[in-house]
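Any read-out appearing in this document is the output of simple, stated calculations on the displayed coordinates, not a laboratory observation. What you are looking at is a predicted structure, and each value in this text was computed from that prediction instead of being measured. Cβ placement follows ideal geometry from the backbone for every residue including glycine, while neighbour counts extend to all protein chains displayed.
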Amino acid sequence: MSDCLFCKIVAGQIPSTKVYEDETVYAFRDINPMAPVHILVVPKRHISSADEVTAENSADIARIFEVIPRIAKEEGLTNGYRVITNCGADACQSVKHLHFHILGGKQLPDNMG
Ligand code: DGP
């Protein structure tokens, strides 16, 4: 999508600090880190949110969940980490391109709000 921020990051039109890339997945550091490690993992093709995952595109999401533990290992998150996706207005999703936050490197709060 031409007006999507994360599509532009995937395309290299907006700079990002890349952590991982393959044919279908791109991962980069969050611009506003909420933990010592805060990485966003996205499908390269535009999917608006978790609400738009279908049988047609779910292989890209499965691939993301293969990649996440590899990133966590490379980032040294041996004591655990959190994976979050915000979906829609009530969850305060601010970028309408499906993304999974990897948060770690400290003890995270157990209150999810
Ligand atoms: P969410 O609230 O779940 O939609 O999270 C969106 C995240 O995207 C938020 O943690 C900040 C991050 N973000 C927004 N704009 C940029 C950007 O231009 N570059 C990077 N690296 N991250 C961004």
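Numbers below:
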quantity: Qualifying GluC sites (Glu not before Pro) for the stretch 23-80 [loop in DSSP, other Cβ within 10 Å: at most 13]; calculated: Glu23, Glu56
quantity: Net lengthening on full extension, Glu74/Asn32 (0.36 nm per residue, minus Cα-Cα); calculated: 13.1 nm
quantity: Cys residues of the chain counted as unpaired, since no other Cys beta-carbon is under 4.7 Å; calculated: Cys87, Cys92
quantity: GNM top mover of Pro69, Pro43, Pro33 - the chain, alpha-carbon springs below 10 Å; calculated: Pro33
quantity: Size-normalised alpha-carbon gyration radius of the chain, reference 2.2 N^0.38 Å; calculated: 1.02
quantity: Percentage of interatomic Cα-Cα distances in the stretch 15-71 larger than 15 Å; calculated: 49
quantity: Cα long-axis angle, helix 58-74 against the chain (0 to 90 degrees, to the nearest 10); calculated: 30
quantity: Stretch gain in nm, segment Asn111-Arg63, where the contour uses 0.36 nm per residue and the Cα spacing is subtracted; calculated: 14.4 nm
quantity: Relative contact order of the chain, defined on C-alpha pairs under 8 angstrom at six or more residues apart (%); calculated: 30
